[in-house]
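A.B. asks: This is the structure I have questions about; it appears just below.
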Amino acid sequence: MDYVHSDAAVRDTAAATGGDRLIAAKILIAGGFGVGKTTMVGSISEIRPLRTEEVLTDRSVGVDDTTGVDGKTSTTVAMDFGRITLPDDLVLYLFGTPGQQRFWFMWDELSLGALGAVVLADVRRLADSFAAVDYFEERGTPFMVAVNCFDGAERKNPDDVRIALDLDESVPLLLCDVRDRESAKSVLITVVEHVLDRTTARP
Amino acid sequence: MSSDRWLDDDAGPVVRPYTVTRGRTRLREDGLDLISVLEATGVAVPRRARLDPEHRTLLALCRQPITFADLASEIDLPIGVVRVLVDDLRDENLLRALRPTSTGDVPDEFVLRKLLNGLRAL
Ligand SMILES: Nc1nc2c(ncn2[C@@H]2O[C@H](COP(=O)(O)OP(=O)(O)OP(=O)(O)O)[C@@H](O)[C@H]2O)c(=O)[nH]1
Ligand SMILES: [Mg+2]
């Protein structure tokens, strides 16, 4: 995909909005290790560099010389971060939640203010998605499941996937190939529709 | 770079923390979400304010409303470091958050519909 230099993009958005009308919305892309999160953010949005820090314990560094200024050592972790600039001063931000367990500390911060989430699942390793499904269920964050059909994997019957993941009937489920922009787009549309349904269904 | 150690491919080099922030970590709960919108207040920088070059860059980037995530991405510093810098600038009343989303407020129906139309038209 084209890498649009971020500088111009930010200024354009800001200039076009003329003040506090800039509306930012956030969708999380979650799922287990290597399931396609980075691929999805890249195929549908303008990827931007964003780093966060992970504080390391002495043990995780494996050396004892870790006395930083405040006694901690940290490492920076690249996050999946993308933005989609839409008309009407609207910007949709996508954040990939790191798949590895040791980065889970970031999930709570990322989930705050998120309108919804996409749980990516790999048909060959559905169990890897349990944690993400549980997380959003417990948090009450509207989410959908997008099943990535990797090469060589048979196309699954969506109903079987639903059963395997023990998904509530109300949770949208879609087979997809997130390397494909149109497919990634329909995933995002599905999750926003789902959020809208839930919003309008509320008394 | 000589003091850097690599954990693995996912983690970057191990660095001394917060050199930019003089060893301070987050000072208080600032209520800022990654998509909170920040803007410079336009107040003149007080003479006594001790601003680092990073503070100034950040302030310049906030002349137009910008989200916290875009800001961190633009200035190319880790999120935690940017939090501290933003905090400093808010303390000096140089920066304000237009939409602190500490309550985790999510878009309303109107915004969701616009979002949906925007995505469909992509
Ligand atoms: N066939 C197929 N391959 C895919 C799809 N999505 C991703 N891949 C491939 O799967 C591999 C892993 O994808 P990533 O996007 O890096 O996965 P990730 O979830 O970001 O991985 P981690 O960040 O390491 O947890 C890459 O080689 C992708 O090209 C898909 O929908 N179909
Ligand atoms: Mg990734």
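A.B. asks: So which pairs qualify, if the first residue must be in segment A:73-88 and of a type in the set (Lys, Arg), the second must be surrounded by fewer than 20 Cβ atoms within 10 Å (Cβ to Cβ), the Cβ gap must be under 8 Å, and the two must be at least 6 apart or on different chains?
C.D. replies: A:83/A:9; A:83/A:46
A.B. asks: Among A:188, A:165, which is away from every other protein chain (no Cβ under 14 Å) and either within 15 Å of ligand 1 (Cβ to nearest atom) or over 16 Å from the mean Cα position of the chain (by Cα) (or both)?
C.D. replies: The conditions single out A:165.
A.B. asks: Looking only at residues in segment A:180-203 that are free of Cβ contacts under 8 Å to residues at least 60 places away in the same chain and not in a helix (DSSP H, G or I), which one is surrounded by the most Cβ atoms within 10 Å (Cβ to Cβ)?
C.D. replies: This residue is A:202.
A.B. asks: Taking residue B:24 as the residue in question, decide whether it is at pLDDT 75 or above and open to solvent by 10 Å² or more (accessible area, probe 1.4 Å).
C.D. replies: Taking the combined requirement at face value, the residue does not satisfy it.
A.B. asks: Given the criteria surrounded by fewer than 20 Cβ atoms within 10 Å (Cβ to Cβ), more than 14 Å from ligand 2 (Cβ to nearest atom), at pLDDT 80 or above and among the polar types (S, T, N, Q), does residue A:85 qualify? Working first, answer last.
C.D. replies: Details: surrounded by fewer than 20 Cβ atoms within 10 Å (Cβ to Cβ): yes; more than 14 Å from ligand 2 (Cβ to nearest atom): yes; at pLDDT 80 or above: yes; among the polar types (S, T, N, Q): yes.
Answer is yes for this residue.
A.B. asks: Going by the conditions given, is residue B:77 at the interface with chain A (Cβ under 9 Å from one of its Cβ atoms), modelled with pLDDT of 90 or more and assigned to a loop (DSSP other than H, G, I, E, B)?
C.D. replies: So residue B:77 passes the test.
A.B. asks: Also, quick follow-up: Please find, within segment B:41-74, the residue that is farthest from residue B:96 (Cα to Cα) out of those that are open to solvent by 10 Å² or more (accessible area, probe 1.4 Å) and within 10 Å of chain A (Cβ to nearest Cβ).
C.D. replies: So, considering only residues that are open to solvent by 10 Å² or more (accessible area, probe 1.4 Å) and within 10 Å of chain A (Cβ to nearest Cβ), the one farthest from residue B:96 (Cα to Cα) is B:74.
A.B. asks: Please verify whether segment A:138-151 includes one or more residues that are in contact (Cβ under 8 Å) with a residue 24 or more places away in the chain, open to solvent by 10 Å² or more (accessible area, probe 1.4 Å) and among the small types (Gly, Ala, Ser).
C.D. replies: no
The values are calculated or read from the model by the stated rules, or taken from the named source; none is laboratory data. What you see is a predicted model; the values in this text were computed from it and never measured. Cβ sites come from the backbone with ideal geometry, for glycine too, and all protein chains shown count toward neighbours. Each accessible area value is taken on the protein alone, full model and side chains, heavy atoms only, with ligands, DNA and RNA left out. Shrake-Rupley method; radii C 1.70, N 1.55, O 1.52, S 1.80 Å.
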